[in-house]
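Chemist: Take this structure, written in structure tokens, and hold onto it; I'll ask about it next.
The values are calculated or read from the model by the stated rules, or taken from the named source; none is laboratory data. Keep in mind that this is a model prediction, so the values were computed, not measured. Neighbour counts are summed over all protein chains in view; Cβ atoms, including those assigned to glycine, are modelled from backbone coordinates with ideal geometry.
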């Protein structure tokens, strides 16, 4: 399988991918990703070079967003001085479930983060999705805390505030990496 940067024409595929994941999550009783993701916001992240596609031939097997930018209100100012990269929107196609592609994408992200000079690979997960939280713990992440206030709508409850991190480190993820080399992280001010 090949991992490469997403391109603008991937927007439609990524939106459909997210809908597939949301439907699967609804079937499990989760309210995660019930709101449609804005296509313009997704296109902006693709153009910023932070979205990556895992392809198996012509089929998209998974996707991950890896960015040096933390979502506002989650991490403390002290934590933000530590060189880190942040995982978002990790999704694996249902037809590839059970192959630990998500774990391998996390390993790829940790390796890429290390090459960029990060100490930490960090993420926030859906606050009520305990199965997802256990998944991240099983993949070497440590729970930092859960942020429940300061959501995007009127400062209300935050739905994705379960914070976790693991050291950014070299990994044998097994993918052919066609993404451009990561830019080195800038020092925190």
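Chemist: Of everything in region 115-144, what is at pLDDT 95 or above and within 12 Å of the chain's Cα centre (by Cα)? Give them in sequence order.
Modeler: 121, 122, 123, 136
Chemist: Next up: Just to verify a result, which residue in region 24-46, among those that are surrounded by 13 or more Cβ atoms within 10 Å (Cβ to Cβ) and modelled with pLDDT under 85, is nearest to residue 60 (Cα to Cα)?
Modeler: Taking region 24-46 first, the residues surrounded by 13 or more Cβ atoms within 10 Å (Cβ to Cβ) are 24-26, 30-33, 37, 42-43, 45-46.
Now restrict to residues that are modelled with pLDDT under 85: 24-26, 30-33, 37.
Details: 24: 17, 25: 19, 26: 22, 30: 24, 31: 24, 32: 22, 33: 20, 37: 19 Å.
Result: 24.
Chemist: A further question follows. Given the criteria surrounded by fewer than 19 Cβ atoms within 10 Å (Cβ to Cβ), in contact (Cβ under 8 Å) with a residue 60 or more places away in the chain and either under 12 Å from the mean Cα position of the chain (by Cα) or at negative phi (or both), does residue 112 qualify? If you could, list the steps in order and put the result at the bottom.
Modeler: On the way: surrounded by fewer than 19 Cβ atoms within 10 Å (Cβ to Cβ): no; in contact (Cβ under 8 Å) with a residue 60 or more places away in the chain: yes; either under 12 Å from the mean Cα position of the chain (by Cα) or at negative phi (or both): yes.
No; evaluated as a whole, the condition is false for this residue.
Chemist: Taking region 65-83, which residues are out of contact with any helix residue (DSSP H, G or I) (no Cβ under 7 Å at 6 or more places or on another chain), surrounded by 13 or more Cβ atoms within 10 Å (Cβ to Cβ) and under 25 Å from residue 43 (Cβ atoms)?
Modeler: Of everything in region 65-83, those that are out of contact with any helix residue (DSSP H, G or I) (no Cβ under 7 Å at 6 or more places or on another chain), surrounded by 13 or more Cβ atoms within 10 Å (Cβ to Cβ) and under 25 Å from residue 43 (Cβ atoms) turn out to be 67, 68, 71, 73, 74.
Chemist: Right, residue 109: closer than 21 Å to residue 168 by Cα, in contact with a strand residue (DSSP E or B) (Cβ under 6 Å, 6 or more places away or on another chain), assigned to a loop (DSSP other than H, G, I, E, B) and modelled with pLDDT of 95 or more or not? Let's see the steps before the verdict.
Modeler: Numbers: closer than 21 Å to residue 168 by Cα: yes; in contact with a strand residue (DSSP E or B) (Cβ under 6 Å, 6 or more places away or on another chain): yes; assigned to a loop (DSSP other than H, G, I, E, B): no; modelled with pLDDT of 95 or more: yes.
For residue 109, the condition - closer than 21 Å to residue 168 by Cα, in contact with a strand residue (DSSP E or B) (Cβ under 6 Å, 6 or more places away or on another chain), assigned to a loop (DSSP other than H, G, I, E, B) and modelled with pLDDT of 95 or more - is not met.
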